[in-house]
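Participant: Got a structure here, written out as structure tokens. Questions coming.
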Amino acid sequence: MTDRYAVFGNPVGHSKSPRIHALFAAQTGQDLSYQAVLAVKDGFPAALQAFIAAAGGPAGGANVTLPFKEEAFRLATRRTPRAEAAGAVNTLSFEAGAISGDNTDGAGLVQDLKNNLGCDPAGRRILLLGAGGAARGVILPLLLENPAELVITNRSEEAAARLALEFSRLPGCAVAVKPDASSFPGLAGRAFDLVINATSAGLSGAVLPLPDSIFAPGCVAYEMVYGRQTPFMDQAHAAGARVGDGLGMLVEQAAEAFFVWRGVRPQTAPVLAALKE
Ligand code: NDP
């Protein structure tokens with residue numbers, strides 16, 4: 001019987017996940033269906049249970065997008081270390097009597113950097129802009145790549161400091177995660193090899209008051225927002241950085257979820273190319 005998967009969110013109509021997973025399934029010959037499910041704000045647990053209980057095939061798993069990632073974290077009966085570190089779950093696997101929670105966003109970013117942008121985080125000076133859920137989710141996977149340093153800056157400085165403190169206590173973490181105490185303009189004179197914009201500023205076209213000096217020669221500037229040209233991308237390009245957007249991260253996190261569910265790793269390049277068309 002066809003295994004059923006879905007992405008839960010609100011809104012969810014815009015989600016590219018059904019198309020991405022349909023392409024992965026066709027490419028790998030996996031027999032599965034994947035749909036988008038709109039859950040009302042307080043109705044995510046009920047919608048999830050209804051999906052699991054519905055007739056018509058075994059429910060294999062689900063992706064979870066805004067605003068339900070933290071709720072999915074709480075609903076999961078067991079969680080992977082990267083989900084624990086992220087404090088959020090974007091991938092659920094249904095097993096007999098258990099719901100496993102994982103977070104593939106950070107792995108998706110790292111895969112996109114390495115595979116599609118030729119940017120290995122190892123040894124790089126990394127600046128992470130933002131301290132929300134997306135920033136939190138990528139810190140552990142980035143640290144596991146052994147960067148030279150990881151600095152977190154956020155509009156609200158306390159949030160950056162809290163996040164840096166939390167991750168600096170990770171056992172076995174060789175790299176000190178440092179908050180930049182003076183927020184964006186205070187970065188003047190500092191230089192980084194990889195600048196990751198994990199703020200949502202680009203969604204509203206807001207300009208981050210960043211000094212051009214942060215983009216070292218050969219720098220890669222990564223904008224997590226996708227589907228639009230943002231002021232961050234414009235500034236980074238003008239400052240000589242190589243610029244990538246979050247579409248590759250979206251496809252790579254989906255590939256990682258597909259691997260978690262099916263044990264098969266799909267090729268992402270043709271799917272990324274299809275989405276860009
Ligand atoms: P959150 O709402 O949790 O966090 C938003 C962050 O953006 C905070 O750090 C906030 O700072 C900052 N911010 C918002 N507006 C501004 C502004 N005008 N100037 C400066 N900073 C600002 O969102 P998420 O962390 O969940 O998501 C962040 C972005 O990442 C979203 O745009 C999302 O689309 C994208 N994303 C992309 C993914 C992909 O696969 N490509 C996956 C996940 C997320 P403050 O704390 O001061 O409010």
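The values are calculated or read from the model by the stated rules, or taken from the named source; none is laboratory data. Worth saying up front: this structure is predicted, and the values here are computed from it rather than measured. In this analysis, Cβ positions are derived from the backbone assuming ideal geometry, glycine residues included, and neighbour counts consider all displayed protein chains. Surface areas here come from the heavy atoms of the whole protein model, side chains and all, with no ligands, DNA or RNA. Shrake-Rupley method; radii C 1.70, N 1.55, O 1.52, S 1.80 Å.
Participant: Restricting to Cα pairs below 8 Å that are 6+ residues apart, what does the relative contact order work out to for the chain? Please round to a whole percent.
Facilitator: 15
Participant: I'd like to check one number: the per residue accessible area of segment 1-147, probe 1.4 Å, reported in Å² as a whole number.
Facilitator: Accessible surface, normalised per residue, equals 41 Å².
Participant: With the Cα gyration tensor of segment 119-245 giving a ≥ b ≥ c as the square roots of its eigenvalues, does the rule (a/c under 1.5 for rounded; else a/b larger than b/c for prolate; else oblate) give rounded, prolate or oblate?
Facilitator: It is prolate, given that a/c is not under 1.5 and a/b is the larger ratio.
Participant: Then there is this: Quick one: order GLU277, GLU157, GLU145 from most to least accessible surface, probe 1.4 Å.
Facilitator: GLU277, GLU157, GLU145
Participant: For LYS69, give me every one of the aspartates and glutamates with a C-alpha distance below 15 angstrom, ignoring sequence neighbours fewer than eight places off in its own chain.
Facilitator: ASP42, GLU84, ASP102, ASP105
Participant: Something else: Each residue of segment 255-260 in order: what ³J(HN,Hα) in whole Hz does its phi give by Karplus 6.51 cos²θ - 1.76 cosθ + 1.60, θ = phi - 60°, with x for Gly and Pro?
Facilitator: 5, 5, 5, 4, 5, 4
Participant: Hey, another quick one. How much accessible surface does ASP102 have with a 1.4 Å probe, in Å² rounded to 10?
Facilitator: Solvent-accessible area, nearest 10 Å²: 10 Å².
Participant: Quick one: of LYS16/LYS41; LYS41/LYS114; LYS41/LYS276; LYS178/LYS276; LYS41/LYS178, which pairs are farther than 27 Å apart, Cα to Cα?
Facilitator: LYS41/LYS114; LYS41/LYS276; LYS178/LYS276; LYS41/LYS178
Participant: Restricting attention to segment 13-116, which trypsin sites (Lys or Arg not before Pro) occupy a DSSP loop and are surrounded by at most 11 other Cβ atoms within 10 Å?
Facilitator: Those that pass, being in a loop and sparsely packed, are LYS41.
Participant: Also, I was wondering about something else. Could you look at segment 22-86 and say what percent of its accessible area is carbon and sulfur, using a 1.4 Å probe and all protein chains?
Facilitator: Carbon and sulfur together cover 59 percent of it.
Participant: For LEU170, project a label point 7 Å along Cα to C-beta. Then give me every residue of segment 89-104 with its amide nitrogen under 18 Å of that point.
Facilitator: 89-90, 102-104
Participant: Right, another one. Where in segment 55-94 is the amide nitrogen less than 16 Å from a point lying 7 Å along the Cα-to-Cβ axis of ALA206?
Facilitator: Output list for this probe position: empty.
Participant: OK, next. Most mobile of ALA98, ALA191, ALA221 per a Gaussian network model of the chain (Cα springs, under 10 Å)?
Facilitator: Ranking ALA98, ALA191, ALA221 by mean-square fluctuation puts ALA98 first.
Participant: Continuing with the same structure: At R0 = 35 Å, how high is the FRET efficiency between GLU95 and SER183 if r is their beta carbon distance? Nearest 0.05 is fine. Before the final figure, lay out each step's value.
Facilitator: On the way: r = 44 Å, r/R0 = 1.26.
For R0 = 35 Å, the calculated efficiency reads 0.20.
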